[in-house]
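Student: Structure provided below as structure tokens; questions to follow.
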Amino acid sequence: MPLKTMKLSPGFDTTVRGIRPELRFGLMIADFAFFVAAVNLATGVGDIHSAHEPQLLMLAGLLFVTGAYVQWRYESARTFDFHDVLRLLYGALSGTLLALACVWLLPNPLEHMSGRLVVIAAMLGFILRMFLRIALVMLRTYVITRRPNAQRVLVVGVGMPAVSLVRAIQEERNLPMRLIGCVDDGVAVKRVDGVRILGTIDDLPAIIARTQVDSVIVAIPAAPLPLINRIKDLCSRVEHPPKVKVLPDALDILNDKVTVSRIRDINLEDVLDREPVVVDTAALRPHLENQVVLVTGAGGSIGSELCRQIATFEPKLLLLLGHGENSLFAIEQELRNKYKFNRTKMILADVADGPAIRSVFSTYRPRIVFHAAAHKHVPIVEDNICEAVRNNVLGTRTVALAAAASGSAKFVLLSTDKAVNPTSVMGLTKRMAELICQSFARGSATEFVVVRFGNVLGSRGSVVPTFKQQVASGGPVTITHRDMMRYFMTIPEAVSLVLQAMSMGNDGEVFVLDMGDPIKILHLAEQVIRLSGLEPYRDIEIVETNIRPGEKLFEEILTHKEDFSRTSHQRLFIAKQDRVDYTRIGVAMERLLRAIRMSDWRVALDVLREFVPEFTPGAHLLPPAPATITVERAEIPSAPSTESTEILSPAIITPLPAQ
């Protein structure tokens, strides 16, 4: 686009120098008229007279041409500051020198001119032109500040960033903002580039209520988060709180530390600090293209990403099954609007509801099943054992049975590294789910594949979103233990490898994802703070809390009984393990069902421990120690022929606690 017609904002065509052509032409006429007037006025100053009007006009032309050339190289009709005064002065001096040279070197054309006339005319021309531009800027500022529908803006700060912000708002006529004033603590000045200082930061509630401010802009780029939170708190105390915005630092913009908000969006791949996972999409297409695919837990973090990636392979029908209607609606709308994929069916059902699940399979006959539905939050599961067993264990068996009965080609269970030598109930239930799937191997036409991976970054309730929220609120960031380590992957990485394992897996195989080296949670917290544009321990504190029930310091990806073999994909390998007999699993499921109906979580755990003896429960799950029976001696009236005897009195025996 040519520079002369560059469009900087809607409805405001301008040249590179900032003046529209019609305004430039008007200024040219006004400047020439002022120079003519200045020359004529100069003839009356100091008793200088000249009857040669052509010579006076020639002098005005010399001053005009020289001054215009110097001034209009940087002319602006929106502001008038010290630099503009200097440019006007340079133009006047240049015109004076040129006119004096003509007077002294060319005596015939300007024989009646004097050096004093030239100097006085140039000085008067400079003054008149300066006042013209001041008047234009004042008129423009008056028009802008009187805009009725503009946002009323209050600026916090009086430094150079505040001055630049004030000028930017005043200069841009299409910016829907009206400056009300500035506030700052402990300043001696009264105005910021002409805008009044209305008080201190503590006066914000009163000022906002009095002036009905719509937005408060913090023009202190290096402001610490405690100060920003203090300003937000003060602004929230009024009946109609204004929006609070933070002006970014110029260096942060150049260093790419600032995006839309104060806290920079975090690239999760940067947290991992390793090469991203690459999969062979060509191998996946025959399994998914033009097929009916079912995803349980479709509204969850992993389930929804599964739906996104599966949709790119154009399945015949994608079944979204879950028990949260809002999350199902959200992923269905995203597939429809963002991915232009509308061959979906939302199914509101509980995976442990046998009749409902069997009805889904008999109706739609899915070829590929991804079972991602599970209760996954360790602390919550520790407090809701029966529900976790019902959903994670019985739900898995219900869906697996339905898949086998309907003739699905593949059933893929999404498992976790917490299933390896579990210390949590969540890990225990997922390990049992693995054993259930393996027990189906070679028992039907359906191939059962298990995919085991670690923590996923960015999922709901995971550490990175939690850390980001804590950073945004000013800290502190909390970790359970400074030595805790976990394996991490991004959600797209994990799902891509799940799809790859689905295409490669054979019946009964357990795939383990190579997630690189484990990452310390402390290091992860520091990374999140730094990637947010802040400094750990200076801007944001990191505080240790206690390890929660069911958690352990280090996660493993293989049990002590398992070996592994490599696959054709460098990030996938297969765990070798013994399988449990299907009949034995079936008997255990009946016992689990009875225990859950009775809400007897102890019996449920005992059943699961028969299959997962490596489970190490926390102290809160261990049976209470037997209470000591307190015996009190009762005094028996003495008899000549007997001794005192100890008896047990029911009234003084401490009862055992109910089991």
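Student: Check segment 130-138 and report whether any residue there is surrounded by fewer than 17 Cβ atoms within 10 Å (Cβ to Cβ), in the same structural domain as His240 (by TED's automatic domain parsing) and modelled with pLDDT of 75 or more.
Tutor: Among the residues of segment 130-138, not one is surrounded by fewer than 17 Cβ atoms within 10 Å (Cβ to Cβ), in the same structural domain as His240 (by TED's automatic domain parsing) and modelled with pLDDT of 75 or more, which makes the answer no.
Student: Can you find, within segment 364-383, the residue that is surrounded by the fewest Cβ atoms within 10 Å (Cβ to Cβ) among those that are more than 14 Å from Lys430 (Cβ to Cβ) and modelled with pLDDT of 95 or more?
Tutor: Taking the candidates together, the pick is Arg365.
Student: Quick check: anything in segment 339-356 crowded, with 22+ Cβ neighbours inside 10 Å, in a helix (DSSP H, G or I) and out of contact with any Cys (no Cβ under 6 Å at 6 or more places or on another chain)?
Tutor: Looking for residues that are crowded, with 22+ Cβ neighbours inside 10 Å, in a helix (DSSP H, G or I) and out of contact with any Cys (no Cβ under 6 Å at 6 or more places or on another chain), one finds none in segment 339-356, hence no.
Student: Given (1) at pLDDT 80 or above; (2) surrounded by fewer than 20 Cβ atoms within 10 Å (Cβ to Cβ); (3) among the acidic types (Asp, Glu), where does Glu535 come up short, assuming only one miss?
Tutor: Checking Glu535 against (1) at pLDDT 80 or above; (2) surrounded by fewer than 20 Cβ atoms within 10 Å (Cβ to Cβ); (3) among the acidic types (Asp, Glu), the one that fails is (1).
Student: Out of the residues in segment 493-510 meeting the condition of being closer than 18 Å to Asn455 by Cα and in contact with a helix residue (DSSP H, G or I) (Cβ under 6 Å, 6 or more places away or on another chain), tell me which one is modelled with the highest pLDDT. Step through it out loud before you land on a result.
Tutor: Pass one, segment 493-510, residues closer than 18 Å to Asn455 by Cα: 493-499, 501, 510.
Those still in the list that are in contact with a helix residue (DSSP H, G or I) (Cβ under 6 Å, 6 or more places away or on another chain) too: 495, 499.
Values: Val495: 87, Leu499: 90.
Looking at the filtered set, the residue picked out is Leu499.
Student: Which pairs turn up if I take residues in segment 318-345 that are assigned by TED's automatic domain parsing to the domain that holds Ala356 and look for partners that are of a type in the set (Ser, Thr, Tyr) and in a helix (DSSP H, G or I) with beta carbon separation below 8 Å, at least 6 apart in sequence or on another chain?
Tutor: Leu319/Tyr364; Ser327/Ser304; Ala330/Ser304; Ile331/Ser304; Glu334/Ser304; Lys345/Tyr364
Student: Any idea which of (1) touching a strand residue (DSSP E or B) at 6+ places or on another chain (Cβ under 9 Å); (2) farther than 17 Å from Ala501 by Cβ is the one Glu289 doesn't satisfy?
Tutor: Every condition holds for Glu289 apart from (1).
Student: Please give the number of the condition Leu227 fails out of (1) of a type outside the set (D, E, K, R); (2) closer than 29 Å to Ile540 by Cβ; (3) part of a helix (DSSP H, G or I); (4) touching a residue at least 60 places away in the same chain (Cβ under 8 Å).
Tutor: The failed condition is (4).
Student: Of all residues in segment 384-401, which are in contact with a Gly (Cβ under 7 Å, 6 or more places away or on another chain) and not in a helix (DSSP H, G or I)?
Tutor: Across segment 384-401, there are no qualifying residues.
Student: Separate question: Within segment 233-241, does at least one residue satisfy the condition of being at pLDDT 85 or above and crowded, with 18+ Cβ neighbours inside 10 Å?
Tutor: For segment 233-241, residues at pLDDT 85 or above and crowded, with 18+ Cβ neighbours inside 10 Å: present.
Student: So for segment 210-219 (the condition being over 22 Å from the mean Cα position of the chain (by Cα), farther than 21 Å from Arg178 by Cα and among the acidic types (Asp, Glu)), does at least one residue qualify?
Tutor: no
Student: Within segment 212-221, is there a residue that is farther than 30 Å from Phe411 by Cα, modelled with pLDDT of 75 or more and loosely packed, with under 14 Cβ neighbours inside 10 Å?
Tutor: Within segment 212-221, the first condition is being farther than 30 Å from Phe411 by Cα, and the residues that meet it are 212-221.
Going one step further and asking which of them are modelled with pLDDT of 75 or more, we end up with 212-220.
Those left that are additionally loosely packed, with under 14 Cβ neighbours inside 10 Å: 212.
Among the residues of segment 212-221, at least one is farther than 30 Å from Phe411 by Cα, modelled with pLDDT of 75 or more and loosely packed, with under 14 Cβ neighbours inside 10 Å, which makes the answer yes.
Student: Now for a different question. Which residues, counting only those in segment 511-526, are among the acidic types (Asp, Glu) and at pLDDT below 80?
Tutor: Of everything in segment 511-526, those that are among the acidic types (Asp, Glu) and at pLDDT below 80 turn out to be Asp514, Asp517.
Student: How many residues are among the charged types (D, E, K, R) and closer than 30 Å to Leu621 by Cβ if we restrict to segment 354-390?
Tutor: Summing the residues that are among the charged types (D, E, K, R) and closer than 30 Å to Leu621 by Cβ in segment 354-390 gives 5.
The values are calculated or read from the model by the stated rules, or taken from the named source; none is laboratory data. Quick caveat: nothing in here was measured; it's all calculated off a predicted structure. Methodologically, a virtual Cβ is constructed for each residue, glycine included, from the backbone with ideal geometry; neighbour enumeration extends over all protein chains shown.
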